[in-house]
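The values are calculated or read from the model by the stated rules, or taken from the named source; none is laboratory data. Just so you know, these numbers come straight off a predicted model, no measurement behind them. Positions of Cβ are generated from backbone atoms using ideal geometry, with glycine treated the same way; all protein chains shown enter the neighbour counts. Areas reflect the complete protein model, heavy atoms only, side chains present, ligands, DNA and RNA absent. Shrake-Rupley method; radii C 1.70, N 1.55, O 1.52, S 1.80 Å.
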Amino acid sequence: MSIPKYHEMYRVFLSCLADEQIHSMKEIRADIAGTLQLQKTDLAEVLQSGKNVFADRVNWTATYLKKAGLVESPKRGMVSITKEGLNVLQNPMIEIDNTYLLKYKSFQAFVRKEQKQNTVPAVLSEETPEDALEQAYQKMHIQLADDLLREVMDLSAIAFEKMVIDLLLKMGYGTFPEAGSTTKASNDEGIDGVIMEDKLGFNLIYIQAKKWDLESTVSRPQIQAFVGAIAGKNGKGLFVTTAKFSKQAIEYAKKQHIILVDGKKLADLMIEYQFGVSEKKVFSIKAIDTDVWNEYQEL
């Protein structure tokens, strides 16, 4: 199953504290994962920032319950249930959600402060701040990728081939002068460019770069033709296009050890390696440095 939203774990979180003992957040996460029967793949999911999705949502579950006064934290990283939390837990008729938590003045104050407004909103976001930031990032990433592909589609075929070579150089392939080059259009023999991975040219990457309509599909025959073009050259094959690849083309390429890069992957690589893009704004997300505070705890 997919990882529940933070507010969907309120009751199960409280249930993990039903013994009225103090538990570590690590114990709580393990108990919740077991109760909800989450798979390893679910638990391994991370945000773009590198934060673990499950751990982040459980942390926000704890934060909201603490702000409502249903959970308390005797010391850092440890939690226990309060008398009010126990009363709520013991009443199965109560649906513990954000609307219910808003009955507590301490939670209302927290929400007003968090959202910097004088009134309490009728409905709180179902996303954690990290989830919301991730969604915003993904939307901007998709828009930027679309914009990049539009720029690419305005290039001539020759310019596109050179762009692919330059991108590969930016990615670290052929890290020396004159390591990559395009072939002459009149005599390319089905090869649009070559990257030398070493200065003597022992390891070569042969490139097919095709600027085709974004919605068109590269089929198996095109990949077969490329394989034939590099046969006997003792090099690696890379087929880059703005289009898509058919299922048959992908399966055949795998068997022939040909690397395929379609339009989506091409745009993603350009963004990842900052090729043709520039940073507009950088957000630095801070977190508690536990090592620093552990040192103070030892004094």
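A simple count of charges around R150, restricted to other residues whose Cβ falls under 15 Å of its Cβ and scoring Lys, Arg +1 and Asp, Glu -1, yields -4. Dipole magnitude for region 249-299: computed about the Cα centre from +1 point charges on Lys and Arg Cβ and -1 point charges on Asp and Glu Cβ, it is near 520 debye.
Enter the Cα centre distance for the pair region 43-113 and region 204-227, rounded to the nearest angstrom. When both Cα centres are located, 52 Å separates them. The mean sequence separation of alpha-carbon pairs under 8 Å and at least six residues apart, normalised by the residue count of the chain, gives a relative contact order of 11 percent. Charged neighbours of N203, selected by a Cβ distance under 10 Å, balance to -1 (K, R count +1; D, E count -1).
In a shell of Cβ-Cβ distance under 13 Å around P74, excluding P74 itself, what net charge do Lys and Arg (+1) and Asp and Glu (-1) give? Net local charge, P74 excluded: +1. Note: the chain, Cα convex hull, 217 Å³ per residue. For the chain, with all protein chains in place and a probe radius of 1.4 Å, 53% of the accessible heavy-atom surface sits on carbon or sulfur.
When the solvent-accessible surface of protein heavy atoms is calculated with a 1.4 angstrom probe, in what order do K247, K211 fall, highest first?
Details: K247 145, K211 55 Å².
In descending accessible area the options line up as K247, K211.
For the chain, DSSP calls about 50 percent of its internal beta bridges antiparallel. Think of the chain as having a plus end and a minus end, set by charges on the Cβ of Lys, Arg, Asp and Glu; of T241, A209, I3, I3 sits farthest toward the positive end of this dipole.
When all protein chains stay in place and ligands, DNA and RNA are ignored, the 1.4 Å accessible-area order of W293, W60, largest first, is W293, W60.
Rolling a 1.4 Å probe over the protein heavy atoms leaves Y273 with an accessible area of roughly 70 Å².
In the structure shown, the pairs K170/K254; K51/K286; K51/K75; K5/K26; K139/K264 are assessed against 21 Å; a Cα-Cα span above that value is assigned to K170/K254; K51/K75.
Just from its helices, what would the mean residue ellipticity at 222 nm be for the chain, if runs of 4 or more DSSP H residues each count -39500 (n - 2.57) and the sum is divided by every residue, rounded to the nearest 500 deg cm²/dmol?
Using -39500 (n - 2.57) per qualifying helix, the result is -13500 deg cm²/dmol.
Heavy-atom accessible area for I288, with the other protein chains in place and a 1.4 Å probe, reaches approximately 120 Å². In terms of its C-alpha gyration tensor, region 15-68 has an oblate overall shape, because the principal axis ratio a/c (a ≥ b ≥ c, square roots of the eigenvalues) is not below 1.5 and a/b does not outweigh b/c. Using heavy atoms of the protein chains and a probe of 1.4 Å, the accessible area assigned to E251 is about 90 Å².
In terms of distances greater than 30 angstrom between alpha carbons, the cross-link table entries K236/K280; K40/K105; K40/K66; K83/K113 yield K236/K280; K40/K105.
Only the Cβ atoms of Lys and Arg (+1) and of Asp and Glu (-1) were treated as charged; on that basis the dipole of the chain about its Cα centre amounts to roughly 220 debye.
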